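Pasting a structure here, questions to come.
The values are calculated or read from the model by the stated rules, or taken from the named source; none is laboratory data. Fair warning: this is a prediction, and the values are worked out from it, not measured in the lab. Methodologically, a virtual Cβ is constructed for each residue, glycine included, from the backbone with ideal geometry; neighbour enumeration extends over all protein chains shown. Calculation scope for accessible area: heavy atoms of the full protein, side chains included, ligands and nucleic acids excluded. Shrake-Rupley method; radii C 1.70, N 1.55, O 1.52, S 1.80 Å.
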Amino acid sequence: DTGVSQNPRHKITKRGQNVTFRCDPISEHNRLYWYRQTLGQGPEFLTYFQNEAQLEKSRLLSDRFSAERPKGSFSTLEIQRTEQGDSAMYLCASSLGQGTTEAFFGQGTRLTVV
Amino acid sequence: GENVEQHPSTLSVQEGDSAVIKCTYSDSASNYFPWYKQELGKRPQLIIDIRSNVGEKKDQRIAVTLNKTAKHFSLHITETQPEDSAVYFCAASRLRTGTASKLTFGTGTRLQVTL
């Protein structure tokens, strides 16, 4: 599968623990996005990168959330001191840029905080 | 910021009938409007998109219309089939040259095509 890859697919964690998710975008895609989707809702924007630069962060991204894309390839999203309200599907998407618009989504990481 | 409203939240049609989903947006600077289909447990997938310099776009059984003045856009699916059953999301974005653009999504429409 040469699409956007996310790991793990599922994560169950206890409240207060830290979790980290990984996203591998489509090769050569320089733009990478993180979204969060809760049941019955559309994806909500969290942050995006152009190459290794993090260009925008949503107000949804509290100081417990941090994202990195150190070499402009894969990205990680870390949530510290998880809360039950963090339970959601975390989606990663990538796009080629250079005038193209289509964002390709990964299958997501479903986080459950118990 | 941008706000996208989507209606209806659920839609049930008989196979062969047409389905229409409507969205409105608030940011007059938005210029790109994609539609995504998400089947249960799967990733959202782009099915059609439209830019603000056109009023209508069609791809086989799927069409999208855009009314910039009223700030609304619609998805039309004709001759619906059971495999069209899924959740459909509209989205809006302000494309800018040389930089990425976030998508603001609607809340989704669950389409069920019955036999």
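Does B:SER85 qualify as being under 15 Å from B:GLN6 (Cα atoms) and open to solvent by 30 Å² or more (accessible area, probe 1.4 Å)?
Numbers: under 15 Å from B:GLN6 (Cα atoms): no; open to solvent by 30 Å² or more (accessible area, probe 1.4 Å): yes.
No; evaluated as a whole, the condition is false for this residue.
Of the conditions (1) small (Gly, Ala, Ser); (2) in contact with an Asp or Glu (Cβ under 8 Å, 6 or more places away or on another chain); (3) within 24 Å of A:LEU55 (Cα to Cα), B:ALA29 satisfies every one except a single condition; which number is it?
Looking at each condition in turn, B:ALA29 falls short on (2).
Restricting segment A:63-85 to residues that are open to solvent by 40 Å² or more (accessible area, probe 1.4 Å) and polar (S, T, N, Q), which is modelled with the lowest pLDDT? Step through it out loud before you land on a result.
The initial filter retains those residues of segment A:63-85 that are open to solvent by 40 Å² or more (accessible area, probe 1.4 Å), namely A:63, A:66, A:68, A:70-71, A:73-74, A:78, A:80-81, A:83-85.
Retained after the next criterion (residues that are polar (S, T, N, Q)): A:66, A:73, A:80, A:84.
Details: A:SER66: 95, A:SER73: 91, A:GLN80: 97, A:GLN84: 96.
Result: A:SER73.
While we're on this one: Considering each of B:THR10, B:THR97, B:THR69 in turn, give the residue that is β-branched (Val, Ile, Thr) and touching a Lys or Arg at 6+ places or on another chain (Cβ under 8 Å). Working first, answer last.
Numbers: B:THR97 fails: touching a Lys or Arg at 6+ places or on another chain (Cβ under 8 Å); B:THR69 fails: touching a Lys or Arg at 6+ places or on another chain (Cβ under 8 Å).
Selected residue: B:THR10, the only one of B:THR10, B:THR97, B:THR69 that is β-branched (Val, Ile, Thr) and touching a Lys or Arg at 6+ places or on another chain (Cβ under 8 Å).
Here's a check for you: in segment B:94-111, which residue that is facing chain A (nearest Cβ under 7 Å), at pLDDT below 95 and surrounded by fewer than 20 Cβ atoms within 10 Å (Cβ to Cβ) is farthest from B:LEU75 (Cα to Cα)?
B:THR99
Please find, within segment A:1-14, the residue that is nearest to the chain's Cα centre (by Cα) out of those that are exposed (fewer than 11 other Cβ atoms within 10 Å of the Cβ) and away from chain B (no Cβ under 12 Å).
Across segment A:1-14, the extreme among qualifying residues is A:THR2.
Ok, one more. With the requirement that a residue be among the aliphatic types (A, V, I, L, M) and within 9 Å of another protein chain (Cβ to nearest Cβ), what does segment A:66-114 give you?
A:LEU91, A:ALA93, A:ALA103, listed by residue number.
Listed here are the residues, each with its yes/no results for (1) farther than 22 Å from A:LEU46 by Cβ; (2) within 13 Å of chain A (Cβ to nearest Cβ); (3) touching a residue at least 60 places away in the same chain (Cβ under 8 Å).
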| residue | (1), (2), (3) |
| --- | --- |
| B:LEU11 | yes, no, yes |
| B:ALA19 | yes, no, yes |
| B:THR24 | yes, no, no |
| B:PRO34 | no, yes, yes |
| B:LYS42 | no, yes, no |
| B:THR65 | yes, no, no |
| B:PRO82 | yes, no, yes |
| B:ALA92 | no, yes, yes |
| B:VAL113 | yes, no, yes |
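Something else: Quick test of your reading of the structure: B:GLY16 fulfils all but one of (1) modelled with pLDDT of 95 or more; (2) open to solvent by 40 Å² or more (accessible area, probe 1.4 Å); (3) under 15 Å from the mean Cα position of the chain (by Cα). Name the failing condition by number.
Condition not satisfied by B:GLY16: (3).
Can B:SER26 be described as among the hydroxyl-bearing types (Ser, Thr, Tyr), open to solvent by 10 Å² or more (accessible area, probe 1.4 Å) and modelled with pLDDT under 95?
no
Another question about this same structure. Among the numbered criteria (1) surrounded by 21 or more Cβ atoms within 10 Å (Cβ to Cβ); (2) closer than 22 Å to B:ALA91 by Cα, which one does A:GLY97 miss?
Of (1) surrounded by 21 or more Cβ atoms within 10 Å (Cβ to Cβ); (2) closer than 22 Å to B:ALA91 by Cα, only one is false for A:GLY97: (1).
Here is a follow-up. Name the residue, out of A:GLN54, A:GLN17, that is over 16 Å from B:LEU103 (Cβ atoms), more than 10 Å from every other protein chain (Cβ to nearest Cβ) and touching a residue at least 24 places away in the same chain (Cβ under 8 Å).
Working: A:GLN54 fails: touching a residue at least 24 places away in the same chain (Cβ under 8 Å).
A:GLN17 is the lone residue from the list that is over 16 Å from B:LEU103 (Cβ atoms), more than 10 Å from every other protein chain (Cβ to nearest Cβ) and touching a residue at least 24 places away in the same chain (Cβ under 8 Å).
Just one of the numbered conditions (1) among the β-branched types (Val, Ile, Thr); (2) within 12 Å of chain B (Cβ to nearest Cβ); (3) open to solvent by 10 Å² or more (accessible area, probe 1.4 Å) is not true of A:THR47; which one?
Of the numbered conditions (1) among the β-branched types (Val, Ile, Thr); (2) within 12 Å of chain B (Cβ to nearest Cβ); (3) open to solvent by 10 Å² or more (accessible area, probe 1.4 Å), the odd one out for A:THR47 is (3).
Which number in (1) more than 23 Å from A:MET89 (Cα to Cα); (2) open to solvent by 90 Å² or more (accessible area, probe 1.4 Å); (3) more than 14 Å from the chain's Cα centre (by Cα) marks the one condition that B:LYS42 misses?
So B:LYS42 meets the others, but not (1).
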